[in-house]
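**Student:** My questions all concern the structure below.
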């Protein structure tokens with residue numbers, strides 16, 4: 001093997017093509033859906049995946065209000081916020097948060113699975129979540145993404 005160079009491929013930002021996918025979240029389990037969406041947003045489903053570049057695709061999630069969770073998470077899972085003032089800690093159960101803003105529940109689950117920092121912020125920007133079936137991204141011609 002002397003004299004031969006091993007050539008490896010490294011993606012560049014200029015050569016990346018971002019596709020659009022659409023997912024129906026009806027009766028999908030929240031954690032499993034979020035894991036698959038995070039992989040697509042990061043670009044790990046492509047052979048051109050590069051850890052330090054945004055190689056992922058855009059994802060449109062519909063029917064976020066119809067997701068499911070396993071076990072007793074609907075009552076036991078709690079989202080905590082803190083305003084940094086005395087008595088400023090608030091706890092909201094998943095059932096309440098899902099009733100008020102179901103798109104935020106899905107976005108929060110996916111965001112926690114993405115890398116922290118500027119790359120993760122660019123990747124979460126490509127996630128579009130809607131509580132119903134209407135979305136303004138028909139012009140991008142999104143392809144269906146199968147979630148098992």
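The values are calculated or read from the model by the stated rules, or taken from the named source; none is laboratory data. From a predicted model like this one, the values you see are computed outputs, not experimental measurements. Quick reminder, even Gly has a Cβ in these numbers, built from the backbone with ideal geometry, and neighbours come from all protein chains shown.
**Student:** How many of the residues making up segment 1-36 are under 25 Å from residue 138 (Cα atoms) and surrounded by 17 or more Cβ atoms within 10 Å (Cβ to Cβ)?
**Tutor:** Number of matching residues: 10.
**Student:** Please find, among 105, 69, 110, the residue that is at pLDDT 95 or above and closer than 30 Å to residue 11 by Cα. Can you show your working first?
**Tutor:** Working: 105 fails: closer than 30 Å to residue 11 by Cα; 69 fails: closer than 30 Å to residue 11 by Cα.
Exactly one of 105, 69, 110 is at pLDDT 95 or above and closer than 30 Å to residue 11 by Cα, namely 110.
**Student:** Considering only segment 45-64, how many residues are at pLDDT 95 or above and part of a loop (DSSP other than H, G, I, E, B)?
**Tutor:** Restricting attention to segment 45-64, the residues satisfying the condition of being at pLDDT 95 or above are 57-64.
Remaining after also requiring part of a loop (DSSP other than H, G, I, E, B): 57, 63.
Total meeting the criteria: 2.
**Student:** Take residue 105 and decide whether it is outside any loop (DSSP other than H, G, I, E, B) and closer than 20 Å to residue 137 by Cβ. Walk me through how you get there before you give the answer.
**Tutor:** Working: outside any loop (DSSP other than H, G, I, E, B): yes; closer than 20 Å to residue 137 by Cβ: no.
When the stated conditions are applied, residue 105 does not pass them.
**Student:** Among the residues of segment 77-87, what is the count of those that are under 23 Å from the mean Cα position of the chain (by Cα) and either without any contact (Cβ under 8 Å) to a residue 24 or more places away in the chain or loosely packed, with under 11 Cβ neighbours inside 10 Å (or both)?
**Tutor:** Selection size over segment 77-87: 4.
**Student:** Condition (residue is surrounded by fewer than 20 Cβ atoms within 10 Å (Cβ to Cβ), touching a helix residue (DSSP H, G or I) at 6+ places or on another chain (Cβ under 9 Å), in contact (Cβ under 8 Å) with a residue 60 or more places away in the chain and not in a loop (DSSP other than H, G, I, E, B)) applied to segment 37-44: is it met by at least one residue? Give the derivation first.
**Tutor:** Applying the first criterion (surrounded by fewer than 20 Cβ atoms within 10 Å (Cβ to Cβ)) to segment 37-44 yields 39, 44.
Still in the running and touching a helix residue (DSSP H, G or I) at 6+ places or on another chain (Cβ under 9 Å): 44.
Now narrow it down to the ones that are in contact (Cβ under 8 Å) with a residue 60 or more places away in the chain: none.
The answer is no; no qualifying residue exists.
**Student:** Now a separate question. Looking at residue 17, is it closer than 28 Å to residue 118 by Cα, in contact with a strand residue (DSSP E or B) (Cβ under 8 Å, 6 or more places away or on another chain) and free of Cβ contacts under 8 Å to residues at least 40 places away in the same chain? Reasoning before the result, please.
**Tutor:** Values: closer than 28 Å to residue 118 by Cα: yes; in contact with a strand residue (DSSP E or B) (Cβ under 8 Å, 6 or more places away or on another chain): no; free of Cβ contacts under 8 Å to residues at least 40 places away in the same chain: yes.
No; evaluated as a whole, the condition is false for this residue.
**Student:** Kindly evaluate residue 5 against the criterion of being more than 28 Å from residue 108 (Cβ to Cβ) and either in contact with a strand residue (DSSP E or B) (Cβ under 9 Å, 6 or more places away or on another chain) or in a helix (DSSP H, G or I) (or both).
**Tutor:** Details: more than 28 Å from residue 108 (Cβ to Cβ): yes; either in contact with a strand residue (DSSP E or B) (Cβ under 9 Å, 6 or more places away or on another chain) or in a helix (DSSP H, G or I) (or both): no.
Answer is no for this residue.
**Student:** Related question: In segment 127-148, how many are surrounded by fewer than 18 Cβ atoms within 10 Å (Cβ to Cβ) and part of a loop (DSSP other than H, G, I, E, B)? Let's see the steps before the verdict.
**Tutor:** Going through segment 127-148, the residues surrounded by fewer than 18 Cβ atoms within 10 Å (Cβ to Cβ) turn out to be 132-141, 143-144, 146-148.
If we keep only those that are part of a loop (DSSP other than H, G, I, E, B) as well, we get 132-137, 141, 146-148.
Adding up the residues that qualify gives 10.
**Student:** Going by the conditions given, is residue 90 surrounded by 15 or more Cβ atoms within 10 Å (Cβ to Cβ) and not in a helix (DSSP H, G or I)? Spell out the reasoning first.
**Tutor:** Details: surrounded by 15 or more Cβ atoms within 10 Å (Cβ to Cβ): no; not in a helix (DSSP H, G or I): yes.
Considered against the rule, which asks whether it is surrounded by 15 or more Cβ atoms within 10 Å (Cβ to Cβ) and not in a helix (DSSP H, G or I), residue 90 comes out as no.
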